[in-house]
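In what follows, a structure is listed as structure tokens, so that the remarks can point back to it.
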Amino acid sequence: MGDKTGICDSILEAIGNTPMVRLPRDFDPQIKCEVLLKLDYLNPGGSMKDRIALHMVRMAEKRGDLKPGGRIVECSSGNTGAGLCIVAAALGYDITIVIPDKMSSEKISALRALGADVVVTPCNVDIEDPMHYTKVAGRIAEQTPGSWWPDQYHNRDNTDAHYYSTGPEIWEQSGGKIDYFVAGAGTGGTISGIARYLKEQDPNIKIVGVDPPGSILAHYWNTGEVCESGPYAVEGVGEEEVPNAWDPKLIDEYLVVRDADSFAMARKLAATTGMFPGGSGGMNMAAVLELAKGLPEEARIVTLLPDYGKAYLSKVYSEDWLRDCGYLPQVPAATAKVSDLVHENSRARVYDDETLAWAIRQAGERGVRPLSIIARNGEALLGILDEDKAISVLSQGADLESLKAGDFVTTAPAVLKLDQPWKDAVDALANHEAVLVKMKDGGFATFSRQELMQGLKRLAH
Ligand SMILES: Cc1ncc(COP(=O)(O)O)c(C=O)c1O
């Protein structure tokens, strides 16, 4: 990486050579064997896909498929997109990324930040549908002169990137002692490239694939048949058709891990070790622990944390999202309270003697609406920000710093208590877009119909 000073001439030299970290022995008292985690989320684009982006582009240049001034067009769940954007930026190519709408908004924003034209497609369509993200990418590439579609799912260079970089790094870092390598597959490039390299060094190394339940890959590996795919939420892994970058012959065993277990494991890893993976890293680790239960102290398992947890703060790392989507236990409807439905949304404590400018920042910029206004003296709730009056002075260009929030107060909608029955929230929101909830610290949180719609999914009837 870089020259001997460690300075890289280009971001591209910072790709690869990621660290490998031993799982602390007390992570799970049931596990005796050694577990090594390759932190590929520490690549510049936040995932192991930087490696394939660079290799696929270099090979396309070599073959003449991508020429100076050309455009890269790819469909990506985000990470290959980010890797390709980095390579495109460093080498001066234009880039279009097609991404399905189930992906986190952070990932989509990152692609835009890295200079891509982003096309968002619906995720709820069949693979044969012309709006499926692979079909859209193919069409754009076909219709755009000078463009090149890496087609990571069926590109041999995807697999080779891991054969030439990740596999040798893992072999070297583990000093040639590996009993199991565990990884999930999306395109299959990671597991297949690494497996091919490791098995060439030591044919006794066992390769364990991991899959979410709705994917076809584990079923195909077990039966040779392509089954119907189903929904799952972990991003980047699992497939609905068999990708050519995946080589099932190199895999010795397949484990299936539920979304809820993948997310719980990612969170445990982050909170207790400081290693901060996305959902697929949690999935890999859940499979590792399952496998490790039966292994002796001297055994060694290696796995990969493919991407960075920071891309999933609004999903895997949001307790509200986990609850709303059913990844945490439901609450019995018979006993549920308002506290079971409210979200950890943005809150603000605005006093009557603060400026209107400050109040408008809370309501406008941070979206805290309705915004409660509290008396400095005594902490009583005076009401909520009168938005009509605030908009009126805003549109007149008034000096907001000289106006007081306390002069822009209107009657508060219903104020719920946390220990009220949840049905009171349904009644209160029948006539209001949002109401207030008095929190334990005496402050007021907003509670909207949108949150109610999400929160009601937490109840078991
Ligand atoms: C987060 C994440 N984990 C795992 C994978 C699977 O890697 P591969 O496509 O090499 O099978 C991907 C692929 O996109 C991914 O984005």
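Placing unit charges on the Cβ atoms of the charged side chains and taking the dipole of region 331-460 about its Cα centre, the candidate lying farthest along the positive direction among 371, 437, 358 is 437. Counting only the backbone N, which residues of region 442-461 are under 20 Å from the spot 7 Å out from the Cα of residue 419 toward its beta-carbon? Zone members listed by number: 442-445. Global dimensions of the chain from alpha-carbon coordinates: Rg and Dmax equal 25.8, 77 Å.
Take the Cα of residue 112, go 7 Å toward its beta carbon, and the backbone nitrogen atoms of region 333-373 under 18 Å from that spot belong to 365-367.
The residues neighbouring residue 446, those whose beta-carbon lies less than 14 Å from its own, together hold a net charge of +1 under the Lys/Arg +1, Asp/Glu -1 convention.
Estimated at 0.36 nm per residue, the fully extended path between residue 173 and residue 21 surpasses their Cα-Cα distance by 53.7 nm. Ordering 38, 423 from the fewest to the most neighbouring beta carbons within 10 Å gives 423, 38. Packing here is the average count of other Cβ atoms within 10 Å per residue, and on that basis the peptides 282-290, 84-92, highest first, run 282-290, 84-92. Per residue, the average separation of C-alpha pairs within less than 8 Å and at least 6 apart gives region 1-125 a relative contact order of 19 percent. Per residue, the average separation of C-alpha pairs within less than 8 Å and at least 6 apart gives the chain a relative contact order of 13 percent. Placing R0 at 45 angstrom, the Cβ-Cβ distance between residue 380 and residue 314 gives a FRET efficiency of 0.85 after rounding to 0.05. Placing +1 on the Cβ of every Lys and Arg and -1 on the Cβ of every Asp and Glu, with no other charges, gives region 1-317 a dipole of roughly 640 debye about its Cα centre. Loop-located trypsin sites (Lys or Arg not before Pro) in region 169-211 (DSSP state other than H, G, I, E, B) with a sparse environment of at most 14 neighbouring Cβ atoms within 10 Å: 177. Peptides 98-109, 292-303 ordered by packing proxy, namely the average of other Cβ atoms within 10 Å per residue, highest first: 98-109, 292-303. Using 1/(1 + (r/R0)^6) with R0 = 41 angstrom and r between the beta carbons of residue 62 and residue 225, what's the FRET efficiency to the nearest 0.05? Efficiency at R0 = 41 Å is approximately 0.65.
The loop-placed GluC sites (Glu not before Pro) in region 208-254, going by DSSP, that have at most 15 neighbouring Cβ atoms within 10 Å of their Cβ come out as 225, 228, 241. The charge dipole of region 332-461, taken about the Cα centre with unit charges on the Cβ atoms of Lys, Arg (+1) and Asp, Glu (-1), comes to about 520 debye, rounded to the nearest 20. Per the Debye calculation on region 331-460 with a single equal scatterer at every Cα and no solvent contribution, log₁₀ I(q)/I(0) for q = 0.14, 0.16 Å⁻¹ amounts to -0.61, -0.77. Every helix of 4 or more DSSP H residues in the chain counts as -39500 (n - 2.57), and over all residues that averages to -9000 deg cm²/dmol at 222 nm. Computed over neighbours whose Cβ is under 12 Å from that of residue 90, the net charge equals -2, Lys and Arg +1, Asp and Glu -1. Of 103, 69, 121, which is farthest along the charge dipole of region 1-151 in the positive direction, counting Lys and Arg as +1 and Asp and Glu as -1 at C-beta? So the residue furthest toward the plus end is 69. Local charge for residue 359 was computed over the other residues whose Cβ lies under 12 Å away, with Lys and Arg +1 and Asp and Glu -1, and equals -2. I'd like the distance separating the alpha-carbon centroids of region 149-183 and region 385-448, in whole Å. Taking the Cα centre of each part, region 149-183 and region 385-448 sit 54 Å apart. Applying 1/(1 + (r/R0)^6) with R0 = 22 Å to the Cβ-Cβ distance of residue 433 and residue 389 gives a FRET efficiency near 0.80. Considering only DSSP beta bridges with both partners in region 1-317, what is the antiparallel share in %, to the nearest 5? About 15 percent, rounded to the nearest 5. In region 54-179, Cα pairs under 8 Å separated by at least six residues give a relative contact order of 27 percent.
Quick note: the coordinates plus some simple rules give every number you see, no bench work behind them. Here the structure is a predicted model, which is why all the values come from computation and not from measurement. Heads up, the Cβs are rebuilt from the backbone with ideal geometry, glycines too, and the neighbour counts pull from every protein chain shown.
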